[in-house]
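The values are calculated or read from the model by the stated rules, or taken from the named source; none is laboratory data. All figures in this text were calculated on a predicted structure; none of them were measured in a lab. We place every Cβ from the backbone using ideal geometry, glycine too, and count neighbours over all the protein chains shown. Quick note on the areas: whole protein, heavy atoms, side chains included, nothing else; ligands and nucleic acids left out. Shrake-Rupley method; radii C 1.70, N 1.55, O 1.52, S 1.80 Å.
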Amino acid sequence: MSESSTQSEAIGLGMIGFGTVGQGVAQLLHEQAAVYAARVGRPLVLRQVAVRDVGKAQAAAAALDIGLDPKMFTADVDAMIDRDDVAMVIEVAGGLAMRGPVERSLTRGKSVVTANKSLLAAAGSSLFATAREHDAAIAFEASCGGGIPIVTSLLFGLGANRIEAMVGILNGTCNYILTAMTQRGQSYDAALAEAQEKGFAEADPTLDISGRDAAEKLAILASLAYGIEIDVDSIPCEGIDRLDLENIALAAEMGYDIKLLAIAQRYEDGPGDAVSLRVEPCFVDQDMPLSDVHGSFNALSVDGHATGVTTYVGHGAGQMPTASAVVSDVLNVANGWYGQAFARLGAPTGRTAPVVTDELKGRFFVRLNMVDAPGAMAKVATVLGESGINLSSILQHEAAAGQVVPVVVTTHEVDRSAMDAALAKIESLRVIAGRATCLRVLDFED
Ligand code: NDP
Ligand code: HSE
């Protein structure tokens with residue numbers, strides 16, 4: 001094949017973003033060029049990369065030393081998308097500002113590969129409709145679970161199933177922080193700084209630690225699993241920013257690890273086909289496989305009515321795992337099969353279903369700061385008893401009389417709403433100082 005015929009037959013790629021993920025994508029396309037050309041039957045060529053700061057991208061490209069031409073970087077996103085020799089657009093810039101460029105690509109019939117969960121959670125169904133209208137596709141494996149092919153598994157591998165439930169660790173930054181606090185006793189702030197340094201965190205890390213990033217991923221996965229549109233703002237979402245080393249030490253003492261979990265359950269007793277979704281830090285029994293998922297790893301357990309539970313584990317964030325998901329999507333789109341499948345994908349259809357928020361029962365861990373005085377525990381126990389809440393364990397370390405000490409109780413199964421009402425009463429007792437910490441407990445009873 002001559003050089004010019006190779007170039008004319010090539011599939012031209014344009015990319016928006018050259019940060020952690022974008023640089024990983026460029027590296028893979030360079031290192032594996034011959035392999036990918038064989039897999040697709042035509043070479044893939046990165047024609048142009050759009051960024052805000054061209055000089056910064058050129059310096060990063062020089063440091064990568066993979067022969068990228070400095071002239072391939074531009075600040076003109078629209079012109080890059082409009083190039084005749086760009087057939088597919090890779091969006092690895094992130095954020096809602098990418099809606100315009102993604103729509104522009106799709107309306108020109110150019111398929112988009114994206115890692116942008118914020119955009120998909122906010123505008124996925126509208127973008128899917130635009131894509132279909134213009135005979136293009138959106139591929140988004142990298143938006144959930146980093147390098148783990150969970151979108152592909154859910155859409156294609158588990159296509160025969162009714163999905164009963166999904167439970168997972170969907171944010172690498174939070175899992176990295178919790179692991180560092182648990183295993184190394186590292187402070188929350190130092191662990192977050194490390195996660196940022198390693199490129200796991202979002203440009204705005206409050207998206208990670210508030211649980212929002214996991215909620216966006218849960219909204220995407222649940223919309224695929226249940227074929228419904230989900231308003232991400234309706235998902236009850238609690239992050240890890242209120243956890244401290246003492247909570248983690250208490251959990252360990254009781255045989256649990258604290259993990260930020262994203263949970264989806266088909267809600268059988270509710271009206272229609274409601275689904276319960278939530279993101280919250282939970283106590284996970286140390287004997288459960290999810291407690292062995294450490295660092296930036298993610299995991300998703302999916303309960304299909306025919307398969308039973310299958311679990312997917314791997315790097316949930318980071319440069320090369322995420323680049324792997326992006327480039328795999330590029331190959332699937334370039335091969336043609338993904339576009340055909342996308343046209344009929346059981347993804348957001350405009351059908352909505354109520355999100356059940358507070359009715360699901362669970363067991364809970366409650367940490368109180370209690371004045372160590374006669375009758376203090378009895379007062380707490382009275383409120384819990386009157387609320388119909390049955391305790392399964394109590395833990396209090398020895399302290400000098402009159403001091404404030406942490407007291408931990410775990411409960412048997414109870415409605416979250418009953419638990420919250422009881423906590424409000426307990427927090428108003430004079431023997432209780434400050435706010436209680438209340439976390440769901442996940443163990444083999446669930
Ligand atoms: P970075 O912050 O490292 O890089 C972002 C890149 O996008 C930079 O090159 C930036 O250019 C460019 N960019 C941002 N806004 C614009 C804009 N308006 N126009 C043109 N270029 C723009 O982010 P990541 O690589 O970490 O993440 C990219 C996407 O991948 C995000 O959606 C993220 O959520 C997702 N993701 C990230 C993972 C990770 O582990 N990092 C894992 C999974 C998904 P400049 O520097 O010039 O501003
Ligand atoms: N900030 C995200 C995380 C990146 O930490 O999981 C992967 O989506």
message = Quick check: the angle from helix 54-64's long axis to the longest principal axis of the chain, C-alpha only, nearest 10 degrees?
response = 90
ask   = How much length is gained if the chain between L96 and S428 is pulled fully straight, taking 0.36 nm per residue apart and subtracting their Cα-Cα distance, in nm to one decimal?
value = 115.4 nm
Three-way shape call for the range 3-143 based on the alpha-carbon gyration tensor, with the a/c threshold at 1.5 = oblate
request  = With a ≥ b ≥ c taken as the square roots of the eigenvalues of the C-alpha gyration tensor of the range 273-337, please select rounded if a/c is under 1.5 and otherwise prolate if a/b is larger than b/c or oblate if it is not?
outcome  = oblate
query = From the phi of every residue in the range 305-322, what ³J(HN,Hα) in whole Hz does the Karplus formula 6.51 cos²θ - 1.76 cosθ + 1.60 yield, where θ is phi - 60° and glycine or proline is x?
reply = 5, 9, 6, x, 7, 10, 10, 10, 10, x, 5, x, 7, x, 4, 6, x, 6
request  = Rank-order 116-128, 408-420 by packing density, defined as the average count of other C-beta atoms within 10 Å over each peptide's residues, highest first.
outcome  = 116-128, 408-420
request  = For the chain, please report how many Lys pairs fall under 27 Å Cα to Cα, leaving out neighbours fewer than 8 apart on the same chain.
outcome  = 16
message = Tell me the angle of helix 212-226 to the major Cα principal axis of the chain, expressed in degrees between 0 and 90 and rounded to the nearest ten.
response = 70
ask   = Label A129 and A38 with points 7 Å out from Cα along Cα→Cβ: what is the distance between them in nm?
value = 4.5
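Per the helix-only calculation at 222 nm, which mean residue ellipticity applies to the chain, given -39500 (n - 2.57) for every DSSP H run of n ≥ 4 and division by its residues, nearest 500 deg cm²/dmol?
After summing the helix terms and dividing by the residues of the chain, the value is -11000 deg cm²/dmol.
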message = Using just the Cα positions, wrap the chain in a convex hull and report its mean projected area in square nanometres, one decimal place.
response = 22.8
message = Using a 1.4 Å probe on the protein heavy atoms, what percent of the accessible area of the range 3-143 belongs to carbon and sulfur?
response = 48
message = Nearest 5 percent is fine: what portion of the DSSP beta bridges confined to the chain is antiparallel?
response = 65
remark   = Once all protein chains are kept in place, C438 shows an accessible area at probe 1.4 Å, nearest 10 Å², of 10
request  = In debye, nearest 20, what is the charge dipole magnitude of the chain about its Cα centre with +1 on Lys and Arg Cβ and -1 on Asp and Glu Cβ, if you could check?
outcome  = 580
key: Relative contact order (%) - criterion: Cα under 8 Å, at least six apart; region: the chain   = 16
task = Please report, to one decimal in angstroms, the Kirkwood hydrodynamic radius of the range 361-441 built from all distinct Cα-Cα pairs.
result = 12.5
request  = Please work out the FRET efficiency for the pair T307 and E413, using the Cβ-Cβ distance as r and a Förster radius of 35 Å; give the result to the nearest 0.05.
outcome  = 0.85
task = Over the range 3-143, calculate the relative contact order: mean separation of alpha carbon pairs under 8 Å at least 6 apart, over the residue count, as a percent.
result = 23
task = Pop out the ³J(HN,Hα) list for the range 20-32 in order, Karplus 6.51 cos²θ - 1.76 cosθ + 1.60 with θ = phi - 60°, rounded to Hz; leave Gly and Pro as x.
result = 3, 6, x, 5, x, 4, 4, 5, 4, 4, 6, 5, 9
ask   = Highest mean first, what order results for 165-178, 18-31, 318-331 on Cβ atoms within 10 Å?
value = 165-178, 318-331, 18-31
query = What accessible area per residue comes out for the chain, rounded to a whole number of Å², with a 1.4 Å probe?
reply = 42
Helix axis angle, 172-184 relative to the chain longest principal axis, alpha carbon, degrees = 50
task = Count charges around V414 for me, please; just the other residues with Cβ under 9 Å from its Cβ, Lys/Arg as +1, Asp/Glu as -1.
result = +1
Pairwise centroid distance, computed over Cα atoms, of the range 400-419 with the range 159-195, Å = 25
inquiry  = I'd like to compare 151-163, 40-52: which one has the highest average count of other Cβ atoms within 10 Å, and what's the full order after that?
reply    = 40-52, 151-163
key: Full-extension gain in nm, Q340 to A381, via 0.36 nm per residue minus C-alpha separation   = 8.7 nm
